[in-house]
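A short worksheet on the structure shown next.
The values are calculated or read from the model by the stated rules, or taken from the named source; none is laboratory data. The structure presented is a predicted model; accordingly, all values stated were derived computationally and were not measured. A quick note on method: Cβ atoms are made from the backbone with ideal geometry, for glycine too, and the neighbour counts reach across all protein chains shown.
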Amino acid sequence: MRKFIECGNTGRLNAALFVSGSGTNAERVLEHELRDSRETCSWNPALIVTDAPEKSRAREISERYGLPLVEHDIKRFYQDRGESRVSLAGERGRGIREEWTEELRHRLEPYRIDFGVLAGFVPLTNITGDFPCLNVHPGDLTVESDGKRELVGLHTLPVERAILAGHRVMRSSVIVAQPYTGSGGGMDTGPILGVSGEVDIELNGHNLGELIELASSRPGARPPGGYKDLLEELARHNQKRLKENGDWVVLPPVVRDFAMGRFALSQDGGLLYEAGGEWKAVQTVEYYPDGRKRPRSISIRI
C-alpha cells in the first residue's frame, strides 16, 4: 500500500489553491476547512495561485483570508513571446507552456507545497508532476465505455457529452490530476477520489434529437471562445448547477480526507480508502450534502 501523501511532524500539510475565475470552489474549500480555528485544520492553506490576475477574484480571496498570492499571467506570458493566443497547439505552444510552468515552479518553491487544489484552474500544467494536485471535474468520470472514461475534456465538453449520451443526471468528480500529454482529456485519467451525488440534467424544453443534430453540424475544432450555440448554452446552464450542487459538495471533504491520509493506492494500483481504522478497496467515494460518505467497494488485492 502506498499513501498519496504523508503528514509531516506537525500533522499539517501546505496546500496551494489554484484559481482562474470566480474562485468560488476555492472559497468553499477554505470555508469548510477554516470553519473552526486554523489550529484544528488537517492542512494549511499556504497561498492562492492564479494565471489570470486581472480577471479572476484571486486578489480578493487572498486579502479576505490573509493568504499570500502568486500571480503568473499566462496570457501575458504568451504575448511577451509573440503569441496572440494561449494554446498548446504545436511544438512552440507546448514549449511556451513548459517555460511558464518552470517559472511557476520557481515561484512556488519558497512555500514548500505538499499538494495543490485546482479549484477552477484553466491552464494545463505539468506542475501536477511535482506534487499531487486535486482537480474538480464537471462530469462523472466513473462512467466508462470499452474501458475508457466518457465524460472527459475541458470547458463544457464533459457536460455536453453527458447531454448527448442521453444521461438524466450528472455528477462532479475529484481526481488526482495527471501531467498533460498534449490534450485536456489526458489529465482526467487519474484516480477518482470522490464523486458528488446526482444532479438532474435540465434540457429546458429542448429534445435530444435536436441537440444531436446541432452537434453533428459543428466545425471539427472548437472556435476560440466556444461554439456559442444552443448546446453550449444548455451545457453552461447545467455546469453552473453542477458546480453549486456537485463541486461544492464533493471538493471540500475530499481535500480534507486527502490531507488526513485517507486515500492510498494498492500494490495493483487500485484506490484504497480508510474509514474507521480499516482500509477498503474502492472504485471511489460518494459524498453528499448532508455529510454522508458512501465508498463504492470493489474486490482488489491489498
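Return only the number of the condition from (1) modelled with pLDDT of 95 or more; (2) surrounded by fewer than 15 Cβ atoms within 10 Å (Cβ to Cβ) that residue 9 does not satisfy.
If we test residue 9 against (1) modelled with pLDDT of 95 or more; (2) surrounded by fewer than 15 Cβ atoms within 10 Å (Cβ to Cβ), just (1) comes out false.
Per-residue answers, yes or no, for (1) within 20 Å of residue 152 (Cβ to Cβ); (2) of a type outside the set (Gly, Ala, Ser); (3) assigned to a helix (DSSP H, G or I); (4) modelled with pLDDT of 95 or more:
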position	(1), (2), (3), (4)
232	yes, yes, yes, yes
248	no, yes, yes, yes
252	no, yes, yes, yes
261	no, no, no, no
268	no, yes, no, no
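Please work out which residue is farthest from the chain's Cα centre (by Cα), limiting yourself to region 72-129 and to residues that are part of a helix (DSSP H, G or I) and of a type in the set (Val, Ile, Thr).
The initial filter retains those residues of region 72-129 that are part of a helix (DSSP H, G or I), namely 74-79, 90-111, 126-129.
Keeping just the survivors that are of a type in the set (Val, Ile, Thr) gives 74, 96, 101, 127-128.
Values: 74: 19, 96: 23, 101: 18, 127: 14, 128: 11 Å.
Once the filter is applied, the top-ranked residue is 96.
If you take the residues of region 29-55 that are surrounded by fewer than 21 Cβ atoms within 10 Å (Cβ to Cβ) and either part of a helix (DSSP H, G or I) or touching a His at 6+ places or on another chain (Cβ under 9 Å) (or both), which of them is modelled with the highest pLDDT?
This residue is 53.
Could you list, in sequence order, all residues of region 171-222 that are in a loop (DSSP other than H, G, I, E, B), free of Cβ contacts under 8 Å to residues at least 60 places away in the same chain and buried (at least 20 other Cβ atoms within 10 Å of the Cβ)?
Once the filter is applied, which keeps residues that are in a loop (DSSP other than H, G, I, E, B), free of Cβ contacts under 8 Å to residues at least 60 places away in the same chain and buried (at least 20 other Cβ atoms within 10 Å of the Cβ), region 171-222 yields 177, 190.
Considering each residue of region 62-104, count those that are exposed (fewer than 13 other Cβ atoms within 10 Å of the Cβ), of a type in the set (Lys, Arg) and closer than 19 Å to residue 130 by Cα, and give that number.
0
Do any residues in region 275-288 that are within 14 Å of residue 260 (Cα to Cα) have Cβ atoms under 7 Å from those of residues that are outside any strand (DSSP E or B) and at pLDDT below 95, where the two are at least six apart or on different chains, and which pairs are they?
279/1; 279/302
Filter region 140-170 for residues that are of a type outside the set (D, E, K, R) and on the phi > 0 side of the Ramachandran plot; which is surrounded by the most Cβ atoms within 10 Å (Cβ to Cβ)? Steps first, please.
Step one: list which residues in region 140-170 are of a type outside the set (D, E, K, R), which gives 141-143, 145, 147, 151-159, 162-167, 169-170.
Narrowing the set further to residues that are on the phi > 0 side of the Ramachandran plot leaves 147, 153, 155, 166.
On the way: 147: 5, 153: 21, 155: 17, 166: 10.
If we take residues in region 140-170 being of a type outside the set (D, E, K, R) and on the phi > 0 side of the Ramachandran plot, then 153 is surrounded by the most Cβ atoms within 10 Å (Cβ to Cβ).
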